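Let me begin by presenting the structure, written as C-alpha cells, before commenting on it.
The values are calculated or read from the model by the stated rules, or taken from the named source; none is laboratory data. Everything numeric in this text was worked out from a predicted model, so none of it was measured. Positions of Cβ are generated from backbone atoms using ideal geometry, with glycine treated the same way; all protein chains shown enter the neighbour counts.
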Amino acid sequence: MKLGAFHKLSYGLYLIASELDGKKAGYIANTVFQVTSKPPLLAISCHKDNNSTEVIRKSGMFSVSVLQKDLNVKIIGDFGFMSGNEIDKFSQVETITAKTGAPIVLNETVAWFDCEVRQEIDLGTHWLVIGEVLDSDLLSESDPLTYAWYREKYKMFSPKNSPTYLEKDLLDEEKRAADDAKGDDQSSTEPESDGEKPHVCMICGFVYDPEKGDPSMGIPPGTPFDDLPDDYKCPICNAGKDYFKEL
C-alpha cells in the first residue's frame, strides 16, 4: 500500500466549534462534507480523545467555519495543535451565534454553517457526526483554503488525532524507496545533523535560528535546536518541537 496515495484525496480546512454549559470548544478539521441536499446534511469526523468531540455530542450542535486561503496561520496553530486545557482558543477571535447557539468563528472565514446533530456513527477511533444545516452565510468570495495547498506551502502534516494522519517516518521511508528506484538516493551525500542548523516550523513557517535563539520564549542565542526544552513551542502558532524540521 502506498501511503502517498492518500495525499491525492481532496479536502478543505475548516474550524469546527461548539459549546456546552458556557464553555466553548473548537478544532481544525479537514473532514467536512455534504452528504444530502434535502435536508442539507453535513458530516464531520471527530477523534474520541478530543475534548471538542464530547462537547459536540452532549450539546447536539456544532458550527463549521470555512477558512480562507490566505489566512493568519496562528488560527491553525491555536485550534489545530493546542488543547483547550492549555489556552483559551476563543479569546482572540470574533464569534456569533445563529439558530442552534453554537459559537461561529468569523476570523479568516469565507462561509459558515450552523448545524444540529442528527446522527452519530461509531468508527472505532472516531465518531462520524452528521448534522442538519439550520442556517448558513457567505461572508466572502475569496478562495477557500484546501488541505493540499496548505500542506504544499508549509510542508506540514496532520496532527495525530486527525482522520488523515499518516506517520511521517513511514512517508519518508516510502519516498526514499521511490528515490532509490529512480536512482536519486542522496543519503550518502547528506551530512548528519549536528543540531546547530536552523529548523522551520511546518505549520506556520517560523524559522528557529540557533545563532539568535528565541528571546520571546526565553531561549538565549547559541542554543542548538536539539537542546531546546521538550515542551518548546513555536512562538507564532504554538506547534511543538515535533512539527519542526531541519532546513
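So the values come out like this:
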{"quantity": "Residue in region 100-157 that is farthest from the chain's Cα centre (by Cα), counting only those that are among the hydroxyl-bearing types (Ser, Thr, Tyr) and in a strand (DSSP E or B)", "calculated": "Ser136"}
{"quantity": "From Glu211, Glu246, Glu173, residue being at pLDDT 55 or above and surrounded by fewer than 11 Cβ atoms within 10 Å (Cβ to Cβ)", "calculated": "Glu211"}
{"quantity": "Residue match in region 13-23 (condition: closer than 20 Å to Glu141 by Cα and part of a strand (DSSP E or B))", "calculated": "yes"}
{"quantity": "Answer residue from region 214-228, given it is loosely packed, with under 11 Cβ neighbours inside 10 Å and of a type in the set (Gly, Ala, Ser) and is farthest from the chain's Cα centre (by Cα) among those", "calculated": "Gly218"}
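For every residue, the table says whether it meets (1) buried (at least 20 other Cβ atoms within 10 Å of the Cβ); (2) touching an Asp or Glu at 6+ places or on another chain (Cβ under 8 Å); (3) farther than 23 Å from Thr125 by Cα.
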{"site": "Lys8", "(1), (2), (3)": "no, no, no"}
{"site": "Ser18", "(1), (2), (3)": "yes, no, no"}
{"site": "Thr31", "(1), (2), (3)": "no, no, no"}
{"site": "Pro39", "(1), (2), (3)": "no, yes, yes"}
{"site": "Asn51", "(1), (2), (3)": "no, no, no"}
